[in-house]
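First the structure, in the form of structure tokens, and then the observations on it.
The values are calculated or read from the model by the stated rules, or taken from the named source; none is laboratory data. From a predicted model like this one, the values you see are computed outputs, not experimental measurements. Cβ: placed from backbone, ideal geometry, glycine included. Neighbour counts: every protein chain shown. Note: accessible area is taken over every heavy atom of the protein model, side chains too, but ligands, DNA and RNA are not part of it. Shrake-Rupley method; radii C 1.70, N 1.55, O 1.52, S 1.80 Å.
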Amino acid sequence: MIRYFTSPTSYVLQAILIIGLSGCHNDKKKPAPSIINNIAPLASDVTIITPTQPNKDITASYTYFDEHDLEGSSLYSWLIDDIVIANSLSFTLPNDSEGKYLTFCITPIATTGEITQGLEVCETQVITGQYTKPTIDALVLTSSITTGIEVSATYLFVDENERLEGDSVFNWKINDSDYSAQKIITFGVEHQGSFLILCLTPIAISGENATGDTICSDEILIAAKEGDAPSIENLQLANFAKATNEVSVSYDYVDSDGDLEFDSTTVWSIDGAEVSQMPDYILPYDSAGKLLSVCVTPIAISGSPAEGATSCVAEYIADIVITGKLELYQTISLAITGYSFNSVTWRILHPSYSSIRSTDSSSFIITGTSPTEEANWLIGHDLEVCIDTIESGEICLFASEQPITEITGGLPTELDTDNNISKRVIAPVSFIDLTISGTSKRLHRPLNVVESILANANSAGSVPLHDGQYLDINTGLVWAIYEQQTAIDSCSNRSMILPVQGESDTSDAFGLHQFYSQIASNYSQFIGAYIVRAMGWPGVYYRSSSFHSVGYHYDYYLIGGFGDYIKDETTEAAACLTTLP
């Protein structure tokens, strides 16, 4: 029986076997068969080709041996500190691999044969790059070197191969004698008047040529310790910061060396912009509510350093601001800045009833003191808030007199000769919304006479003037009323429409009748006359776009909730309709 050996020792056994078989068959007519035994391929002379330079390509070489079979796709693996990182014959060494163990392993693979894979063979080296020496550039010592302070140096560590800095060697010398190897040092009084030099030797974190050439700084005199700078403590405003007031500062000047104050500087700023460098400053009229800051820099008459650190204090200049919409059921907010106060009172300035309605210090809702207080006690009048301050006594503001950027809305009741609003009062509710089947429309309140004049002037006449007027004796408000065509034009030229009646004419689901029902629902706490008692609208008939007959259109009585019809020449109120987005 013939056996095939695949181990390296099989070469000898194979030869003996062949010789033995040849001796047994010595018949020339029957030659002995040729027996070829296949063995695994071998890899030898495995070598990592130097240099092993981080961040550069590395490769390896080896000798492949197989007596009968050619090399196939042999298996390669590279390991750094026993971690596999590549499986090709060549790869790039990582930048941080200096000093680590690099291993290359080859597993020979034959293209053919009974055994195609041989044993893995490995080679290991320590990664050691080739480097030039690092250098030091721009060596600078701490400025104004004196006794009693920390002294250090700044410099640039330069390495052409981008190695990190290791433990570079510091050698501080005093009068040419070694003094310290620390990076930061402090000199005692005994070193005053001595000369200081720093010699620095750069050392890279790894690799050959890690130590560079030593460089030394210029010689510097160690001066006497300077005195303490003066300082400012307890800085505060000496006067109440209110527009038109003169303000100054008070503070404590401190100098531990006993140097007296000379001419300390004072800088005043408002909202970050410098406004004065005088010791005292008069606050401008329009500075209320702005941020006032003052900075004082202490300056001594003698000693070094003579100038100390700047100290600042800031506070808002006293102000009282009300914001909101001057309209029934809207909230007016109150912001008190810089004042201390005892109390706040809110009043509606109705000639017959102006008692205190609230003492809230932050806001006031323009509404009655009871759920059923009627609108005529509120609309058409001004709102007043008074604050009893500790610093300036009682300060009262009228809502109608505030800038329109702070108090918006309001019902205009007077114009000047240039048609600018010169007086405004608390306005009625501006509109009522109604939603049906996902569609929302808004019925806007009628215009008063002043609003009609403004609309006509601002539209260059395209919005027609009213045809008549209605005086509400309960509020003193004068409302604009219109003939039929004027009402239609007034609405359409303001991008609105005159609504249908909604009772006799239901061609549009959003009629005056339907809005009446919504108003009644919204203000059910009142007993009838909802548009007057709850909303402050004029209690008259309202025109509609619904045609009745030649010369007649339907109208609607929004106080009582029923419809009628009227001659087109008769003047009535007009509430216009828009569709909401």
Odd one out for THR142, checked against (1) without any contact (Cβ under 8 Å) to a residue 40 or more places away in the chain; (2) within 30 Å of PRO94 (Cβ to Cβ): (2)
Residues located in segment 306-342, provided they are more than 23 Å from LEU383 (Cβ to Cβ) and assigned to a strand (DSSP E or B): GLU307, SER311, CYS312, VAL313, ALA314, GLU315, TYR316
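So that you can scan it fast, the table gives a plain yes or no per residue for (1) touching a Gly at 6+ places or on another chain (Cβ under 9 Å); (2) touching a residue at least 40 places away in the same chain (Cβ under 8 Å); (3) small (Gly, Ala, Ser):
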site: GLU219; (1), (2), (3): no, no, no
site: LEU235; (1), (2), (3): no, yes, no
site: PHE240; (1), (2), (3): yes, yes, no
site: GLU246; (1), (2), (3): no, no, no
site: GLU261; (1), (2), (3): no, yes, no
site: ALA273; (1), (2), (3): no, no, yes
site: MET278; (1), (2), (3): no, no, no
Condition check for GLY338: on the phi > 0 side of the Ramachandran plot and within 34 Å of the chain's Cα centre (by Cα): yes
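In segment 198-214, which residues are on the phi > 0 side of the Ramachandran plot and either among the acidic types (Asp, Glu) or in contact with an Asp or Glu (Cβ under 8 Å, 6 or more places away or on another chain) (or both)?
Residues of segment 198-214 that are on the phi > 0 side of the Ramachandran plot, as a first pass: 207, 209.
Correct list: GLY207 only.
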Strands (runs of 3 or more DSSP E) contained entirely in segment 394-488, each with at least 1 residues that are touching a His at 6+ places or on another chain (Cβ under 9 Å): 421-425, 431-436, 478-481
Yes/no for SER361 being in a loop (DSSP other than H, G, I, E, B), under 30 Å from ASN239 (Cα atoms), out of contact with any Cys (no Cβ under 7 Å at 6 or more places or on another chain) and not aliphatic (A, V, I, L, M): yes
Any hit, segment 404-415, residues being in contact with a Gly (Cβ under 8 Å, 6 or more places away or on another chain), touching a residue at least 24 places away in the same chain (Cβ under 8 Å) and within 14 Å of ASN448 (Cβ to Cβ): yes
The one condition in (1) of a type in the set (Val, Ile, Thr); (2) assigned to a strand (DSSP E or B); (3) open to solvent by less than 60 Å² (accessible area, probe 1.4 Å); (4) out of contact with any strand residue (DSSP E or B) (no Cβ under 6 Å at 6 or more places or on another chain) that ILE379 fails to fulfil: (2)
SER168 touching a Pro at 6+ places or on another chain (Cβ under 7 Å), touching a residue at least 24 places away in the same chain (Cβ under 8 Å) and surrounded by fewer than 17 Cβ atoms within 10 Å (Cβ to Cβ): no
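How many residues are open to solvent by 30 Å² or more (accessible area, probe 1.4 Å) and either charged (D, E, K, R) or in a loop (DSSP other than H, G, I, E, B) (or both) when one looks only at segment 489-510? First the steps, then the outcome.
Residues of segment 489-510 open to solvent by 30 Å² or more (accessible area, probe 1.4 Å): 489, 492-495, 497, 503-509.
Filter once more, so that each one left must be either charged (D, E, K, R) or in a loop (DSSP other than H, G, I, E, B) (or both): 489, 493-495, 503-509.
Result for segment 489-510: 11.
Condition check ((1) among the β-branched types (Val, Ile, Thr); (2) surrounded by 15 or more Cβ atoms within 10 Å (Cβ to Cβ); (3) under 27 Å from ALA509 (Cβ atoms); (4) in contact with a Lys or Arg (Cβ under 9 Å, 6 or more places away or on another chain)) across all residues:
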residue: THR408; (1), (2), (3), (4): yes, no, no, yes
residue: THR417; (1), (2), (3), (4): yes, no, no, no
residue: GLY438; (1), (2), (3), (4): no, no, yes, no
residue: LEU443; (1), (2), (3), (4): no, yes, yes, no
residue: VAL449; (1), (2), (3), (4): yes, yes, no, no
residue: ASN456; (1), (2), (3), (4): no, yes, no, no
residue: ILE473; (1), (2), (3), (4): yes, no, no, no
residue: TYR482; (1), (2), (3), (4): no, yes, yes, yes
Tally, over segment 106-131, of residues that are open to solvent by 20 Å² or more (accessible area, probe 1.4 Å) and assigned to a loop (DSSP other than H, G, I, E, B): 10
Scope segment 280-305; condition in a loop (DSSP other than H, G, I, E, B), of a type outside the set (Gly, Ala, Ser) and under 19 Å from LYS242 (Cβ atoms); matching residues: ASP280, LEU283, PRO284, LYS290
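So, in segment 358-372, exactly how many residues are open to solvent by less than 30 Å² (accessible area, probe 1.4 Å) and either farther than 20 Å from LYS325 by Cβ or not hydrophobic (A, V, I, L, M, F, W, C) (or both)? Spell out the reasoning first.
At the first step, the residues of segment 358-372 found to be open to solvent by less than 30 Å² (accessible area, probe 1.4 Å) are 358, 364, 366, 368.
Cutting the leftovers down to either farther than 20 Å from LYS325 by Cβ or not hydrophobic (A, V, I, L, M, F, W, C) (or both) gives us 358, 368.
Summing the residues that are open to solvent by less than 30 Å² (accessible area, probe 1.4 Å) and either farther than 20 Å from LYS325 by Cβ or not hydrophobic (A, V, I, L, M, F, W, C) (or both) in segment 358-372 gives 2.
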Scope segment 548-581; condition in a strand (DSSP E or B) and without any contact (Cβ under 8 Å) to a residue 24 or more places away in the chain; matching residues: SER549, TYR552, TYR557, ASP564, LYS567
